[in-house]
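Take a look at the structure below.
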Amino acid sequence: MEDLKNNHKTSIKGIYTQYIHKKLFCSWGMKISVILSALCFILLFFFIEIDYYDILAKIISTNISIFPDLLGFCVGGYALIIGFGHKEMLQKMSSPNEEKSNMSFFQIMSSVFAVSIIIQIITFLLSYLISFVINLDFTSTSESLCKIINTFTISLILFFSIYSIILLYYMVINIFNFGQSMHLCIRIDLLNKQKKEKKTKNKNK
């Protein structure tokens, strides 16, 4: 019973598991996001002279316009997995997998969606807060300080934006896997039903 409780933690402790750490935070998607944002910082800080403030404003404006739609898609997919599965089929997906930290297939899908949505919310929230600061129209006498702040902010928001978009791949795969699993369960039930009907017919002959 204690092991069962440990495998069904709630809140952020339940979402962030060892499997999720390996699947998302040590994934190629995370590595690509880190590399691209670090490359952006190096190029902007050492090699390219542009209007950092204008570029940052355009990135933030783009994020604020697209992320509500992305969040709507992700929350809709999450609701599909959590709320619209048949009880019998969900029971078949609830067996723990020892190779994946004793998490069931259903728990893995749920956790991937939850982490992805949280990261996208962070991205949207950061974009909103930065847009608020941009609208305050701060000025500074130190050009080097402005360059550091703007370059760091651009790189940070690019990291979250790129990673949030890459996470859509995992969520699409999740939805596909869920659909395949549902279809597999239906096919197995139909085959079992057909076998029973054949046995019944053979007995009646």
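The values are calculated or read from the model by the stated rules, or taken from the named source; none is laboratory data. As the structure is a prediction and not an experimental result, all values here were calculated from the model. When we count neighbours, we look across all protein chains shown, and the Cβ atoms used for this are built from the backbone with ideal geometry, even at glycine.
Has segment 27-41 got any residue that is at pLDDT 85 or above, within 19 Å of ILE157 (Cα to Cα) and charged (D, E, K, R)? Yes, the conditions are met somewhere in segment 27-41. Within segment 21-32, residues that are under 16 Å from ILE117 (Cβ atoms) have Cβ atoms under 6 Å from residues that are at pLDDT 85 or above and part of a helix (DSSP H, G or I) in these pairs: LEU24/VAL115; GLY29/ILE166, counting only partners at least 6 apart in sequence or on another chain. SER65 fulfils the conditions (1) at pLDDT 75 or above; (2) in contact with a helix residue (DSSP H, G or I) (Cβ under 8 Å, 6 or more places away or on another chain); (3) closer than 26 Å to SER161 by Cα except for a single criterion, (2). Taking first residues from segment 185-198 that are closer than 25 Å to PHE106 by Cα and in contact (Cβ under 8 Å) with a residue 24 or more places away in the chain and partners that are part of a helix (DSSP H, G or I) and hydrophobic (A, V, I, L, M, F, W, C), the Cβ contacts under 7 Å between residues at least 6 apart in sequence or on separate chains come to CYS185/MET89.
Okay, residues lined up against (1) crowded, with 20+ Cβ neighbours inside 10 Å; (2) part of a helix (DSSP H, G or I); (3) modelled with pLDDT of 80 or more; (4) of a type outside the set (A, V, I, L, M):
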site	(1), (2), (3), (4)
GLU88	no, yes, no, yes
SER94	no, no, no, yes
GLN107	yes, yes, no, yes
ALA114	no, yes, yes, no
ILE118	no, yes, yes, no
